[in-house]
1. Any residue at all in region 259-277 that's outside any loop (DSSP other than H, G, I, E, B), out of contact with any Cys (no Cβ under 7 Å at 6 or more places or on another chain), modelled with pLDDT under 95 and more than 22 Å from Leu163 (Cα to Cα)?
2. Of everything in region 77-92, what is open to solvent by less than 10 Å² (accessible area, probe 1.4 Å) and not in a strand (DSSP E or B)? Give them in sequence order.
3. Name the residue, out of Gly73, Gly6, Gly62, that is under 23 Å from Arg329 (Cα atoms) and touching an Asp or Glu at 6+ places or on another chain (Cβ under 7 Å).
4. Filter region 52-73 down to the residues that are open to solvent by 30 Å² or more (accessible area, probe 1.4 Å) and of a type in the set (Ser, Thr, Tyr) and list them by number.
5. If Asn195 satisfies every condition in (1) open to solvent by less than 10 Å² (accessible area, probe 1.4 Å); (2) in contact with a helix residue (DSSP H, G or I) (Cβ under 8 Å, 6 or more places away or on another chain) but one, which is the exception?
6. Which condition breaks for Lys215 when tested against (1) without any contact (Cβ under 8 Å) to a residue 40 or more places away in the chain; (2) closer than 30 Å to Lys308 by Cα; (3) within 16 Å of ligand 2 (Cβ to nearest atom); (4) out of contact with any Asp or Glu (no Cβ under 8 Å at 6 or more places or on another chain)?
7. Only one residue in Cys89, Cys97 is within 16 Å of ligand 3 (Cβ to nearest atom) and closer than 15 Å to Phe140 by Cβ. Which one?
Amino acid sequence: MFVCTGFAAQSAKEPLAPFTFNRRDVGETDVRIDILFCGVCHSDIHYARNEWRFTTYPACPGHEIVGKVAEVGSKVRKFKVGDTVGVGCMVDSCRKCSACQAGLEQYCDGMIGTYGAVEPVIGGPTHGGYSNAIVVDQDFVLRMPEGMDLSTSAPLLCAGITLYSPLRHWKAGPGKKVGIVGLGGLGHMGVKIANAMGAHTVLFTTSPSKVADAKRLGAKEVVLSNNAEDMAKHASSFDLIIDTVAATHDLAPLFALLKQDTTLVQVGVPEHPLEVAMFSLVPKRRAFAGSMIGGIAETQEMLDFCAKHKITADVEIIPIQKINEAYERMLKSDVKYRFTIDMASLKSASAA
Ligand code: NAP
Ligand code: ZN
Ligand code: ZN
């Protein structure tokens, strides 16, 4: 084992604070990564505050990790010291089940989350990327495309793949009208990626101040979702809608936008259950689906797609000392459009 430093919450009610913990030594197929940047996902807030009711404390979040390989195990062939790599929401899976065989490790019952799972070698909770280093099996490490900026590409590891996967699965592309609901971390990646896939991309927002940005990011149209008149203009016209909203909200006006036989995909995971009014779902044989991140091969495909289309996140870089303030701002939808922690700031934090 070796000692790491990071930031963690000790309970649902406490702010994140400096934290020291052990990670396993590098095993035969492991890679040790010195973390350079880590994106701040709304899931980190849900988790740190136990909103999903399965948090294990101390909780050290972070699953949009980029860094440099510092050490590799004796059987590692995919990476070498000095490579620039990424880690997303998973650090391992069972490798044997049908989901794993199909490259859908995110749906494996034995999937090990980057944080909040059980660390298989040393026990205790897995700790995420709000820390100086991480040890991950080579098969769950992503190669960052050459030349990609690191602070702005960290959010691809969760926000990017969470939108890329359903956009591909439900066949977003030319001739398709695709709605993205919410312009936060996930939503702004969705707008960029759906637009790059060639879909007619429409952004739904509750924030009038984000309209111009949404267009700059690639939305062909922007609709204020709490304006019933504007919403009505789009009735029964969408081929696919992806809802990224992190809070309780009304789904009925969104279902009303779908054509016959099309799908509303929920990727936002609010603390409380969402109501589905059956008369908004049943009449046009509409479907309501969930989707969770993407498999490892698909995540690599997404990174390469983003490199080709010059897509990264719009970020505000923060020192880790500002993490609690960043959480409060995200809860007010006040982030343009992802916070990324510069992990160099950890050195001064741990000295404090
Ligand atoms: P975020 O950056 O905070 O963005 C959420 C956006 O939702 C806000 O920017 C806001 O957009 C909109 N919103 C917030 N409150 C709202 C309300 N009361 N009514 C309507 N819209 C509201 O969050 P994120 O990091 O993108 O994450 C979004 C959600 O996805 C979280 O629940 C997170 O846990 C979940 N998530 C799921 C997966 C998965 O695999 N399924 C992966 C990552 C994250 P506007 O200002 O434009 O309205
Ligand atoms: Zn996430
Ligand atoms: Zn499996």
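1. The answer is no; no qualifying residue exists.
2. Scanning region 77-92 gives a single hit, Gly88.
3. On the way: Gly73 fails: under 23 Å from Arg329 (Cα atoms); Gly6 fails: touching an Asp or Glu at 6+ places or on another chain (Cβ under 7 Å).
The conditions single out Gly62.
4. Within region 52-73, Thr56, Tyr57 qualify.
5. Here Asn195 meets the rest and fails (1).
6. Every listed condition holds for Lys215 apart from (3).
7. Working: Cys97 fails: closer than 15 Å to Phe140 by Cβ.
Cys89 is the lone residue from the list that is within 16 Å of ligand 3 (Cβ to nearest atom) and closer than 15 Å to Phe140 by Cβ.
The rows are residues; the columns are (1) closer than 15 Å to Ile35 by Cβ; (2) surrounded by 14 or more Cβ atoms within 10 Å (Cβ to Cβ); (3) at pLDDT 95 or above.
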position: Lys75; (1), (2), (3): no, no, yes
position: Lys96; (1), (2), (3): no, no, yes
position: Thr152; (1), (2), (3): no, yes, yes
position: Cys158; (1), (2), (3): yes, yes, yes
position: Thr162; (1), (2), (3): no, yes, yes
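The values are calculated or read from the model by the stated rules, or taken from the named source; none is laboratory data. It should be emphasised that the depicted structure is a prediction, and the values quoted were computed from it without experimental measurement. Note that we place each Cβ from the backbone using ideal geometry, even for glycine, and neighbour counts take in every protein chain shown. With ligands, DNA and RNA removed, areas are computed over all heavy atoms of the protein, side chains included. Shrake-Rupley method; radii C 1.70, N 1.55, O 1.52, S 1.80 Å.
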